[in-house]
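One structure below.
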Amino acid sequence: MNNPYVPGQQQGLPEAAVRRLKEMRGAGETPKLFTSDLSVNEFLLVKEAGFEPLGLVMGSSIYHVGIQFANIFQNQELDVLTQAMYHARELAMTRMEEEADVLGADGIVGVRLSVNLQQWGENLAEFMAIGTAIKHRGGGNYRTVHNRPFTSDLSGQDFWTLLQTGYRPTALVMGTCVYHVAHQGLGAALKRMGRNVEMENFTQALYDARELALSRMQAEAESEGAVGIVGAQVKESNHGWGSHVIEYFAVGTGVVPVSVDHQVPTPSLVLPLS
């Protein structure tokens, strides 16, 4: 489901963004300038890990999400909506990576993905990806197996800690599923009235939807060559589709070992003084 990506491409970027990013790299008498949404502590730990922040990078896609009808008494995935939510996020991620490429970055940390419904028209939503592009001072190859800048939603502190354990991020991996939860029939509702009983139809629907999102996130991690996923989350959203349509969005950072013989340092005890 990933978009074709050519390292160094700029086809999704406005001219003003390319010009701004190139000026940030510095040339001639123009000094380098970085921007970042890292906190001061995160900034220091990213530098301690051997990386330099290059700039705040972002990608955006305003997407018209189509309509798909379903049998109100049937549990089913709404494939049209699932594809729309996935593709729109991929467009935003790709444009963010294109901006990182302009800066010559090895990767992006602190990535945040957001969806904002717009009032310009029905079913319009803006999908945005934003994070801080970084580059290792010592060189080396920190990019993905597909030669894209690595992406991660880890904080600066978690990024530093991950590197200390002998692992590094490879890609922000995700999976999504938009699912229609069947309505309860009148007969079933009357049978359950006044009783403690599991709503098996609802349970199975939400269970299936979460599993689809998680399995797609895992498949994406495998395609990136990751050995595991850290910081995984499953987020639940409705986006105004109605009470019986829900999206489950699974996201986390795929990781790979830095070396085959790495050793995880023994955790130390820290006591707060407050």
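Quick notes
- Looking only at region 55-69, and only at residues there that are aliphatic (A, V, I, L, M) and touching an Asp or Glu at 6+ places or on another chain (Cβ under 9 Å), the one that is surrounded by the most Cβ atoms within 10 Å (Cβ to Cβ): Val57
- Taken over region 246-259, the criterion of being over 11 Å from the mean Cα position of the chain (by Cα) and at pLDDT 90 or above is satisfied by Ile246, Glu247, Tyr248, Val255, Val256, Pro257.
- Pair list, Cβ under 7 Å, 6 or more apart: region 23-38 residue outside any loop (DSSP other than H, G, I, E, B), other residue at pLDDT 80 or above and open to solvent by 80 Å² or more (accessible area, probe 1.4 Å): Met24/Lys32; Met24/Leu33; Met24/Phe34; Arg25/Lys32; Thr30/Glu23
- Ala49 touching a helix residue (DSSP H, G or I) at 6+ places or on another chain (Cβ under 9 Å), closer than 21 Å to Ala105 by Cβ and either of a type in the set (Gly, Ala, Ser) or at pLDDT 95 or above (or both): yes
- The one condition in (1) at pLDDT 85 or above; (2) open to solvent by 40 Å² or more (accessible area, probe 1.4 Å); (3) within 20 Å of the chain's Cα centre (by Cα) that Pro4 fails to fulfil: (1)
- Reported count of residues in region 243-263, each being open to solvent by 20 Å² or more (accessible area, probe 1.4 Å) and small (Gly, Ala, Ser), is 2.
- Filtering region 89-113 to residues that are within 18 Å of Asn123 (Cα to Cα) and either surrounded by 22 or more Cβ atoms within 10 Å (Cβ to Cβ) or touching an Asp or Glu at 6+ places or on another chain (Cβ under 7 Å) (or both) leaves Arg89, Ala92.
- Residue under evaluation Glu122, criteria (1) over 25 Å from Lys32 (Cβ atoms); (2) crowded, with 17+ Cβ neighbours inside 10 Å; (3) over 17 Å from the mean Cα position of the chain (by Cα), criterion not met: (2)
- Note on region 225-242: residues that are more than 14 Å from the chain's Cα centre (by Cα), buried (at least 17 other Cβ atoms within 10 Å of the Cβ) and modelled with pLDDT of 95 or more amount to 1.
The values are calculated or read from the model by the stated rules, or taken from the named source; none is laboratory data. For clarity, every value in this text was computed on a predicted model and none was experimentally measured. Note that each Cβ is placed from the backbone with ideal geometry, even for glycine, and that neighbours are counted across all protein chains shown. All accessible areas refer to the heavy atoms of the entire protein, side chains included, with ligands and DNA or RNA removed. Shrake-Rupley method; radii C 1.70, N 1.55, O 1.52, S 1.80 Å.
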